[in-house]
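For reference, the structure is listed below as structure tokens.
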Amino acid sequence: MSEQSPEMEIVHLLRKVTAEFGLRQAEFASRHGMHPTDVRALICLLDAERAGTDATAGWLGAQLGLNSAGTTAVIDRLERLGHLTRTRDPRDRRRVLMTVDPRAVELGRSFFGPLIDNTVAVLRDFDESETAAVRRFLSVAHRAVTAIP
């Protein structure tokens, strides 16, 4: 058995966690008649709401790496399933904004709630400096992954 560096051990652990998250997302999508990209779209829309970002079709397409037709297909599917709503931007009536329907939030919470609760419970055992280190690592790791062309 070969020894690996502490850094590579962390990379492999991160891969295990992200693969497991991906499997859960695929399971959720399958159970609810969605494509995995639909789940990614909902996550993007929820993140936009938390950040106070206006979510337009163009913005969502850029987040998902989809062209206009692909983005429209995702939005139409999610709207048909009752997971998102489109509304005119009150500040600029030419723009259409998207938000996740509260029923979709509840559906996601019913599925992902135990995973989220378990993760929060683990983090509550960390002291402030450990939590800061985890946050810093995940932020930098995310930047490193998204910087790959």
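Some observations on this one:
- Residue-count net charge about ASP76 - beta-carbon cut-off 12 Å; Lys, Arg +1, Asp, Glu -1: +1
- Per residue, the convex hull spanned by the alpha carbons of the chain comes to 168 Å³.
- A 1.4 Å probe, protein heavy atoms only, puts the accessible area of LEU42 near 20 Å².
- Expected 222 nm ellipticity per residue - DSSP helices of 4 or more, -39500 (n - 2.57), all of the chain, to 500: -23500 deg cm²/dmol
- Length-normalised contact order of region 43-132 in % [C-alpha pairs under 8 Å, at least 6 apart]: 23 percent
- From the Kirkwood radius over Cα pairs of region 1-79, Stokes-Einstein at 37 °C and 0.692 mPa s returns a whole-number translational diffusion coefficient of 227 µm²/s.
- Between ILE148 and ILE10, the modelled label-to-label distance comes to 1.8 nm, taking each label 7 Å out from Cα in the direction of the beta carbon.
- Length gained on full extension, ALA69 to VAL105, computed as 0.36 nm times the residue gap minus the Cα-Cα distance: 10.4 nm.
- If you take all other residues with their beta carbon under 15 Å from the beta carbon of ALA132, and give Lys and Arg +1 and Asp and Glu -1, the sum is -1.
The values are calculated or read from the model by the stated rules, or taken from the named source; none is laboratory data. Not measured: the values here are computed from a predicted model. Cβ atoms come from the backbone with ideal geometry, glycine included; neighbour counts cover every protein chain shown. Just the protein is used for accessible areas: all its heavy atoms, side chains included, with ligands, DNA and RNA removed. Shrake-Rupley method; radii C 1.70, N 1.55, O 1.52, S 1.80 Å.
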